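Structure first, commentary second.
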Amino acid sequence: MRIAIIPARGGSKRIPGKNIISFCGKPIISYPVNAAKESGLFNKIHVSTDSVEIRNTVEDIGLSVDFMRDTALADDHTGLIPVLKWVVEQYRQRGEVYDEICCIFPTSPLLQSEDLFSAFELFHKHKSQYPLFVV
């Protein structure tokens with residue numbers, strides 16, 4: 001099974017609200033969410049956030065957020081890998097096990113579903129030996 005995780009914490013200091021800021025009339029996070037949905041590649045798409053505002057924005061564009069990110073993983077010093085591992089573990093505890101994990105950054109408005117297909121072709125060409133981050 002395959003999951004796309006979009007890490008979108010709410011505490012950006014440089015650009016407040018950057019994950020949901022309007023970009024060409026839509027919240028910027030809507031572009032990677034829609035690309036992931038349109039690709040049909042994922043059994044689950046999860047936006048990992050500690051922000052109610054981000055969760056509400058994501059739900060307004062048609063993707064439910066199954067659970068909120070632990071606030072201990074939403075500070076300026078927590079790396080991406082602990083967040084991804086935590087999300088995967090939360091789903092494992094719910095009986096959902098994923099063997100392919102794709103991290104898609106929330107501020108990727110130019111991402112298209114075709115980009116995801118190409119990335120996964122490359123990923124599988126190399127026998128899934130190298131990490132896949134889509135930006």
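The values are calculated or read from the model by the stated rules, or taken from the named source; none is laboratory data. Since this is a predicted model, take the numbers as computed values, not measurements. Methodologically, a virtual Cβ is constructed for each residue, glycine included, from the backbone with ideal geometry; neighbour enumeration extends over all protein chains shown. Calculation scope for accessible area: heavy atoms of the full protein, side chains included, ligands and nucleic acids excluded. Shrake-Rupley method; radii C 1.70, N 1.55, O 1.52, S 1.80 Å.
Find the residue count for segment 26-57, including only residues that are open to solvent by 70 Å² or more (accessible area, probe 1.4 Å) and farther than 20 Å from THR78 by Cβ.
Here the count works out to 4.
Evaluate the following for ASP115: is it open to solvent by 30 Å² or more (accessible area, probe 1.4 Å), assigned to a loop (DSSP other than H, G, I, E, B) and either in contact with a Ser or Thr (Cβ under 9 Å, 6 or more places away or on another chain) or in contact (Cβ under 8 Å) with a residue 24 or more places away in the chain (or both)?
Criteria not met by ASP115.
So which residues in segment 78-102 are open to solvent by less than 60 Å² (accessible area, probe 1.4 Å) and touching a residue at least 60 places away in the same chain (Cβ under 8 Å), if there are any at all?
Result: LEU80, VAL83, LEU84, VAL87, VAL88, TYR91, GLU96, TYR98, GLU100, CYS102.
Residue by residue, here is whether (1) within 28 Å of ARG14 (Cα to Cα); (2) touching a Pro at 6+ places or on another chain (Cβ under 7 Å) holds:
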site: THR71; (1), (2): yes, no
site: VAL83; (1), (2): yes, yes
site: PRO109; (1), (2): yes, no
site: LEU122; (1), (2): no, no
site: TYR130; (1), (2): no, no
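Only one of SER48, SER39, SER12 is touching a Phe, Trp or Tyr at 6+ places or on another chain (Cβ under 7 Å) and under 19 Å from SER108 (Cβ atoms); which? Before you say what the answer is, go through the steps one by one.
On the way: SER48 fails: touching a Phe, Trp or Tyr at 6+ places or on another chain (Cβ under 7 Å); SER12 fails: touching a Phe, Trp or Tyr at 6+ places or on another chain (Cβ under 7 Å).
Among SER48, SER39, SER12, only SER39 is touching a Phe, Trp or Tyr at 6+ places or on another chain (Cβ under 7 Å) and under 19 Å from SER108 (Cβ atoms).
Rundown of residues vs (1) at pLDDT below 95; (2) touching an Asp or Glu at 6+ places or on another chain (Cβ under 9 Å); (3) hydrophobic (A, V, I, L, M, F, W, C), yes/no style:
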{"residue": "MET1", "(1), (2), (3)": "no, yes, yes"}
{"residue": "ILE21", "(1), (2), (3)": "no, no, yes"}
{"residue": "GLY25", "(1), (2), (3)": "no, no, no"}
{"residue": "LYS37", "(1), (2), (3)": "no, no, no"}
{"residue": "LYS44", "(1), (2), (3)": "no, yes, no"}
{"residue": "THR57", "(1), (2), (3)": "no, no, no"}
{"residue": "ILE61", "(1), (2), (3)": "no, no, yes"}
{"residue": "ASP70", "(1), (2), (3)": "no, yes, no"}
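Of the residues ASP66, ASP70, ASP75, ASP60, which single one is over 26 Å from SER128 (Cα atoms), in contact with a His (Cβ under 9 Å, 6 or more places away or on another chain) and open to solvent by 50 Å² or more (accessible area, probe 1.4 Å)?
ASP66
Report, by residue number, each residue of segment 11-23 that is in a loop (DSSP other than H, G, I, E, B), among the small types (Gly, Ala, Ser) and within 20 Å of ASN34 (Cα to Cα).
Residue satisfying the conditions is GLY17 alone.
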